[in-house]
1. Would region 359-373 turn up any residue that is polar (S, T, N, Q), surrounded by 24 or more Cβ atoms within 10 Å (Cβ to Cβ) and out of contact with any Pro (no Cβ under 9 Å at 6 or more places or on another chain)?
2. Working only within region 280-312, note down all residues that are small (Gly, Ala, Ser) and within 15 Å of the chain's Cα centre (by Cα).
3. Report yes if Val130 is surrounded by 21 or more Cβ atoms within 10 Å (Cβ to Cβ), at negative phi and in a helix (DSSP H, G or I), otherwise no.
4. What's the number of the condition Val165 fails, among (1) free of Cβ contacts under 8 Å to residues at least 24 places away in the same chain; (2) within 23 Å of Thr71 (Cβ to Cβ)?
5. Across region 422-445, what is the number of residues that are free of Cβ contacts under 8 Å to residues at least 40 places away in the same chain and open to solvent by 20 Å² or more (accessible area, probe 1.4 Å)?
6. Out of all the residues in region 218-231, which are at pLDDT 75 or above and either within 12 Å of Thr66 (Cα to Cα) or open to solvent by less than 10 Å² (accessible area, probe 1.4 Å) (or both)?
7. Out of (1) closer than 19 Å to Phe34 by Cβ; (2) open to solvent by less than 10 Å² (accessible area, probe 1.4 Å); (3) hydrophobic (A, V, I, L, M, F, W, C); (4) at pLDDT 80 or above, the odd one out for Leu166 is which?
8. Please specify each residue of region 98-127 satisfying the condition of being surrounded by 21 or more Cβ atoms within 10 Å (Cβ to Cβ) and in a loop (DSSP other than H, G, I, E, B).
Amino acid sequence: MTPADRGPAEERLWTRRTWPFLTGTLALMTFIAFESYAVTTVLPVAMADLDGSRWYSMAYAATITTALLGTVLGGNWADRHGTRPPLLAGGTMFLLGIALCALAPNAATFVLGRFLQGVGGGIDAVVLYVLIARHVPAGPRPRMFGLLTTAWLLPSMCGPLLAGVLTELTSWRIVFALVLVGATASLLGLLASTRGPEPRTPGGAAPPALFGRRGLLALMAAGALLVLHLGGQSPPPLSTVIVLCGLVVLLWTASRLLPRGTLLLRGAAPRLVALRAVLGATVTATDVYLTLYLQHQRDFPPTTAGLIIAIGALGWAAGAWIQGRFGDAAAHHRGLIAVAGPLVLSGPLVALLYTLGTVPTGGVVGACIAMGTGMGIAYPRISAQTLALADPSEHGMYSSSLQSGESMSTAGLLAVTGIFLTVFPGEGGFVASYGLLVALGCAAVLIAWAHRFREREQPPKPFRNPPEAPRPHARQ
């Protein structure tokens, strides 16, 4: 691989034509990310203030659950009617949800706001991907996805800390008010920058129904995610039974909701959807349980435990910058994704060794940086190549699949590892959990390497079977 030639002006990312759109996109994603990280600090205080401790689990799971529905709805909507209607509707729902949380007189209203946030944020997250595909040239598109990745970095490092300071000095409601003001301004700017006729997408499959079969499947998957989240908190063996039933339903819906071939790793674009799902779930679970392990088993104060994760997040910025130095050729995509796999694997592997007492804390910090670097490389390249492989008329469908696949895999993995922590007390639960995460990391490496050498230039099969096919809803 060689660094990309920056090319003529039309291949530059920041131009007079694109900067309003880029600024609005990055700002909106930053405020969505800030809210998702800040709520981890705010939620315990908010539920206590609203006398709704029994609503805590539901309030936490609400956005994850409904975001899945939002991603599917947003992808179908963008493919069928263009990007402006879903962008406006999703943004309005997100802002309404934030406002309900900020003004909530009781816990039920707060949870309702969280549900609306999830739907609206899920819709807009997908629409932003489609907008990038239609407004940013293919050459600088990987750099844009890299910037989109870094839009989550500052909130991940500063969001919980800033939310805690604001909560202590003023009120937890101020945190939601801040997000409301910033997200409103960002949405208005983005709508203004995308005014006018949209580029039309030639050819391809017929547009999907706005809700239809995929919407019903998304509802089933959301229900399964909610069952998994609540079931993992039940006492064993009931938790095991609930989680297993939830996983069966989740796999069944995933086999019909995601592109054909995703679960069997058949086809270049479906394999990328599967790879992002495995990578995202592995990294999220590694960070979640590392913070818990450091505090509960190693007696680290919360600030120090959080600092280790924050330092690891710097790797994301480094990875996003590194991948942005290379062009948009398919060979660059495949090569960078293959390099990212082992970097991500280093995170759960070193964490497992740390729980076994064979590596020092400094090794964990280094592994977190390496893992973050791998994700900073992989995410933009997976997104860019998936959209390059997919038919333009199916950009919304594949964008929603990248995000909904990761949501489903992450929720399922956290439910399973949660059972491990319950069944195996103390160090044993963390050892078992990280053992599973290492296995998933190895699977991600194999998928990334297989993608490097298989089906190099073959376009994917249509996301949906054509109308005349004898089995329009065949299993993957």
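The values are calculated or read from the model by the stated rules, or taken from the named source; none is laboratory data. What you are looking at is a predicted structure, and each value in this text was computed from that prediction instead of being measured. All Cβ positions, glycine included, derive from the backbone under ideal geometry; neighbour counts span all protein chains shown. Quick note on the areas: whole protein, heavy atoms, side chains included, nothing else; ligands and nucleic acids left out. Shrake-Rupley method; radii C 1.70, N 1.55, O 1.52, S 1.80 Å.
1. yes
2. Scanning region 280-312 gives Gly280, Ala281, Ala285.
3. yes
4. Of everything listed in (1) free of Cβ contacts under 8 Å to residues at least 24 places away in the same chain; (2) within 23 Å of Thr71 (Cβ to Cβ), Val165 misses just condition (2).
5. Matching residues across region 422-445 total 6.
6. The answer is Ala218, Leu219, Met220, Ala221, Ala222, Gly223, Ala224, Leu225, Leu226, Leu228.
7. (2)
8. Answer for region 98-127, where residues must be surrounded by 21 or more Cβ atoms within 10 Å (Cβ to Cβ) and in a loop (DSSP other than H, G, I, E, B): just Ala104.
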